[in-house]
Amino acid sequence: MLDIWEAYTRQLDLLSADTLSDSLPLQDAMDLLTDRIIRAARGSGMGMEGCPDRREPWWDWVCTRARKKSFALLNLFRLSDSQLSRTAYLKQNAVYKTLCERKRTEYYEGLAAWFADVRDSSGFWGLIRSLRTVRQQRVGDVPMTAWMQYFSAQWSLANRVAIARDCEVQLATNIDMNRY
């Protein structure tokens, strides 16, 4: 995270090398300053919103940049077949893998700390809701008769595995539940 701030500071210093004129109207000066800040943030990699890869909750833009750099060096090695580019790729790939492992470990250790701080059930379920991805489930479209058939088949002794009877396996299936 520190390298992003350093890059941002350098970008902002470069963009702010020419000072704002005192004769500019206040609104124009504010727009120019805002534009410089936005350009510096984008130039340092801060301008991207959201999580770059939703598959892993610990993945962030630092991981994405390290991965891109690693693959760029791999492609360079493939094109040039140079020992120097191979060495650079292997070093960068080791850095990338170490970074990912550190991010993963930090995330899950932090997650354990969050769960350790929970004191009641509402806090626990609030934490669970914040971690889950939002998926809408439509339960209301299943008719009550289908639910009754499904649960009666699940809890019926006649439909359970009959080991004593010739080692015969009978599974409780419900065609109506599969349609919904």
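The values are calculated or read from the model by the stated rules, or taken from the named source; none is laboratory data. None of the values given here were measured: they were computed from a predicted structure. Reconstructed Cβ throughout: ideal geometry from the backbone, glycine too, with neighbour counts over all protein chains shown.
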Q.
For the structure I just gave you, tell me whether residue 52 is modelled with pLDDT under 80 and on the phi < 0 side of the Ramachandran plot.
A. yes
(Q) I'd like to know if region 117-126 contains one or more residues that are of a type in the set (S, T, N, Q) and either surrounded by 12 or more Cβ atoms within 10 Å (Cβ to Cβ) or under 30 Å from residue 13 (Cα atoms) (or both). (A) no
(Q) I'm trying to understand the selection: among the residues of region 1-20, which are more than 30 Å from residue 66 (Cα to Cα) and surrounded by 10 or more Cβ atoms within 10 Å (Cβ to Cβ)? (A) 20
